[in-house]
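The values are calculated or read from the model by the stated rules, or taken from the named source; none is laboratory data. Keep in mind that this is a model prediction, so the values were computed, not measured. FYI the Cβ positions are ideal-geometry reconstructions off the backbone, even for glycines, and counts take in every protein chain you see.
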Amino acid sequence: MTTWPDAHGGSLDRLLASKEIAVTCGPGGVGKTTVAAAAAAMAACHHGGRVLVLTVDPAKRLADALGLQGIGNTEHRIPDELFREAGVTPRGELWAAMLDTQASWDALIERHAPDRRTREQILANPLYRNLAGRFVQSHDYIAVERLFEIHATGAYDLIVVDTPPSRHALDFLDAPKRMAEFFSSRLLRWLIVPYRSRLVNFASRPFYQVADRVLGTQFLADIAEFFILFQTMHAGFVERADGVVRLLSDRRTTFLVVSTLESSPLGEAELFASELVKRHLHLGAVVLNRTLPDYLRDPQAGAVARALGERAEEIAGRLPTDPALTVPLLREVAESFINFGLVARREAEQRDELAPTPDVLASAPAFENDVSNLAGLLSLGETIWG
């Protein structure tokens, strides 16, 4: 089990007030997107300024959590009317965006191609539309590139990033380094050298003869042209990759790990938290989602439940209902409460085993219905904020 850094007894409120980027990560299916959106909404309400929640997870859960029809690559302001409908007047603004891989690559090339001719050649390359969305973890790289670009504009006081499930979140963290390594790789040199020179050495000629027969000369030529053009931006890729690494490890950036207390996701979350510590990234908070309420652990409530089960016949006799139906129901209610109390105590023990925590250890209860609007997000946010 992870040994957490010493706790500072802080709150999510205080943590996010001092940060510019909060990267939310964790296993799949634990409500990570909802927690990210709730934290961003609370920051917009309480801290003021401009807050952006950016999801780089291809799944479209963010729009659902905000009660919107859809969210695109361009930042979209959440209307004030939605806050008013939730009974809140925010001090600031809440914005949302969902990464569009292809659109972001197009924008990257528009910004950073060395000249107009190179830019047009890349965008016109027959393989670009397919390769830009698939090669070398392009989604992960363009996600951190987009974060870096948005942060550099200074347009937002806080950016809350919703990443894919934790195993893929590591790809998100490693993408800048891997992209830079790819542009210097031996494989890439093998692809493009024959098209930079008509002389192909004896050792490599059989490879290209086979590749020409299988893929076709034009296909290889298109690949080579594509990467030759991309290499003109190599220095820019490496420079920005270094900038992203510095940004993620900067004191202005923190990481929020979200999990439930079920054994599998909790173990995965702990491994990811350990990886963050190993990389010297700031583990700001652990948010335990869908926990059982504290009253289930109340000894007096448990005593009442046991008394209800033991005196079910006596209680049923005082009710204007058929005892044959009422007695089994009362006993089932009592047994369910006792069982839930047992699970709640086990959850509390698991939570205690996580201590001491990072700056913040927060818990959110299990809601009866899925969060599907801003009011629901704010209700969730209230449980983890203080």
What are the residue pairs meeting all of these: first residue in the range 24-46, first residue more than 16 Å from LEU361 (Cα to Cα), second residue of a type in the set (Asp, Glu), Cβ atoms under 6 Å, and 6 or more apart or on different chains?
PRO27/GLU268; THR33/ASP162
Can you find, within the range 76-116, the residue that is modelled with the highest pLDDT among those that are of a type in the set (S, T, N, Q) and not in a loop (DSSP other than H, G, I, E, B)?
SER104
Looking at GLU313, GLU349, GLU332, GLU368, which is the one that is closer than 30 Å to GLU81 by Cα and surrounded by fewer than 19 Cβ atoms within 10 Å (Cβ to Cβ)?
GLU368
With respect to LEU261, determine if the residue is closer than 20 Å to ALA348 by Cα, aliphatic (A, V, I, L, M), in contact (Cβ under 8 Å) with a residue 60 or more places away in the chain and buried (at least 17 other Cβ atoms within 10 Å of the Cβ).
yes
Go through the range 278-331 and give me each residue that's in a loop (DSSP other than H, G, I, E, B) and at negative phi.
ARG279, LEU281, HIS282, LEU292, PRO293, ASP298, ARG311, ARG318, LEU319, PRO320, THR321, ASP322
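Can you tell which of ARG279, ARG290 is in the same structural domain as GLU181 (by TED's automatic domain parsing), over 19 Å from ALA362 (Cβ atoms) and either at pLDDT 90 or above or surrounded by fewer than 19 Cβ atoms within 10 Å (Cβ to Cβ) (or both)?
Numbers: ARG290 fails: over 19 Å from ALA362 (Cβ atoms).
Of the residues listed, the single one that is in the same structural domain as GLU181 (by TED's automatic domain parsing), over 19 Å from ALA362 (Cβ atoms) and either at pLDDT 90 or above or surrounded by fewer than 19 Cβ atoms within 10 Å (Cβ to Cβ) (or both) is ARG279.
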State yes or no: is GLU349 part of a helix (DSSP H, G or I) and under 30 Å from LEU173 (Cα atoms)?
no
Whether any residue in the range 264-272 is in a loop (DSSP other than H, G, I, E, B) and either free of Cβ contacts under 8 Å to residues at least 12 places away in the same chain or over 30 Å from GLU368 (Cα atoms) (or both) is what I want to check.
no
Subset of the range 117-137 (residues that are assigned to a helix (DSSP H, G or I) and either at pLDDT 80 or above or touching a Phe, Trp or Tyr at 6+ places or on another chain (Cβ under 7 Å) (or both))
ARG117, THR118, ARG119, GLU120, GLN121, ILE122, LEU123, ALA124, TYR128, LEU131, VAL136
Out of all the residues in the range 165-172, is one or more within 15 Å of ARG240 (Cα to Cα), in a helix (DSSP H, G or I), modelled with pLDDT under 70 and assigned by TED's automatic domain parsing to the domain that holds PHE227?
no
